[in-house]
């Protein structure tokens with residue numbers, strides 16, 4: 001029986017988010033995109049492309065504090081009663097979620113930049129346009145929905161939806177946090193290659209320190225990744241991200257109108273550590289001069305659709321930022337884990353149930369990873385756009401039909417999937 005595709009229907013679910021029990025009226029919507037600016041008293045959006053997914057509450061919620069900038073998970077001007085601020089969406093630079101006692105918790109996911117303030121006292125503004133999506137993207141691998149039918153052949157390219165910080169990956173991480181009761185922000189999602197690892201298996205990665213001892217950058221939070229390709233260096237997860245570096249079969253120049261060749265081939269693409277303005281310390285990495293230089297470089301990328309352009313630029317920029325710096329070679333601890341449901345829905349490949357343990361959101365540090373039996377690996381970065389090994393059913397074993405291989409895309413970023 002063919003699985004039913006997720007649409008933008010108003011299915012509701014309740015969850016415990018960052019220790020705050022939401023009332024039934026504040027259950028999060030599943031797979032909605034809030035594409036409008038929410039409220040006037042939060043921070044201002046950056047000028048970066050607004051490619052971010054969010055889960056918005058079903059009804060306006062008032063509160064005592066302000067919201068983070070940009071698209072937020074909990075509505076503008078405040079969140080649930082007794083709290084201040086809101087959860088932003090990719091790093092913790094935006095607004096914060098206040099506790100009853102006035103303390104704060106890091107602002108979960110803040111997408112791209114947001115720069116949100118903590119706002120003032122007043123009541124929250126109304127939620128905006130939670131069902132607003134581009135109808136042209138429905139069912140073809142755009143912003144919504146991220147769950148499609150099983151693969152139906154496919155285009156010649158690997159899909160932008162698989163990149164770190166794509167709207168689909170961001171949404172999936174939020175949805176699974178709700179589904180499994182994880183603290184929101186426990187993981188980011190992506191895909192990677194590990195030589196000799198089985199296709200479509202998943203791994204939890206905990207980051208230690210840069211391989212280059214001269215770099216004094218702080219480690220980012222853990223990732224959960226699914227295997228998507230073969231080859232690469234032994235013991236190294238080659239993570240797929242915007243302008244991550246062309247490899248052995250470089251097809252990005254075919255997929256894009258303009259794909260800048262800085263850092264190519266095998267040079268890591270656009271990475272902050274190769275940009276003078278970003279320096280070698282966490283402070284210089286976090287400086288505005290670094291962000292401006294990275295943004296300028298990444299904005300040279302031009303796809304053959306606005307979707308491809310926006311997703312690739314966003315991935316390139318965010319993966320080079322302080323707090324979300326995955327565009328660097330790191331030492332990591334890693335362990336094979338069961339694939340989370342929403343990550344499977346992004347990639348299209350699902351293995352039959354096995355003996356792998358579930359991801360553990362309590363394992364966030366190297367010490368915790370060592371105690372939990374994680375092993376030593378490293379990371380590299382890539383984006384060569386070629387059809388990946390795990391996109392072909394004959395290369396994937398032990399799958400749950402009909403989810404037998406990962407999606408492929410055309411040069412517009414559209415998935416060729418069977419209707420449900």
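None of the figures in this text is laboratory data; all of them are computed from the coordinates on show. All values reported here derive from a predicted model rather than from experimental measurement. Quick reminder, even Gly has a Cβ in these numbers, built from the backbone with ideal geometry, and neighbours come from all protein chains shown.
Overview of values
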read-out: Extension gain, residue 355 back to residue 331 (0.36 nm per residue minus Cα-Cα distance, nm); value: 6.0 nm
read-out: Residues 219, 230, sorted so that the one with the fewest Cβ neighbours within 10 Å comes first; value: 230, 219
read-out: Extent along principal axes [Cα atoms of the stretch 135-409; Å; largest to smallest]; value: 49, 47, 34
read-out: Ordering of 344-350, 264-270, 361-367 by burial proxy (mean other Cβ atoms within 10 Å per residue, highest first); value: 344-350, 264-270, 361-367
read-out: Computed over the stretch 217-355, Cα set: Rg, Dmax in Å; value: 16.0, 48
read-out: Two-site label geometry, residue 212 and residue 292: point separation in nm, points 7 Å out along Cα→Cβ; value: 2.2 nm
read-out: Mean-position separation - Cα centroids, the stretch 391-420 and the stretch 169-199, in angstrom; value: 19 Å
read-out: Förster radius 30 Å - calculated FRET efficiency between residue 281 and residue 392 (Cβ-Cβ, nearest 0.05); value: 0.10
read-out: Gain upon complete extension [residue 179, residue 299; 0.36 nm per residue less C-alpha separation]; value: 39.7 nm
read-out: Full-extension gain in nm, residue 254 to residue 230, via 0.36 nm per residue minus C-alpha separation; value: 6.5 nm
read-out: Computed Rg/Rh of the stretch 295-420, alpha carbon atoms with Kirkwood Rh; value: 1.00
read-out: When the stretch 271-345 is reduced to its Cα atoms, the Kirkwood hydrodynamic radius in Å; value: 14.0 Å
read-out: Burial ranking of peptide ranges 298-304, 323-329 (average Cβ count within 10 Å, highest at the top); value: 323-329, 298-304
read-out: Peptides ranked, highest mean first, by Cβ atoms within 10 Å: ranges 371-377, 196-202; value: 196-202, 371-377
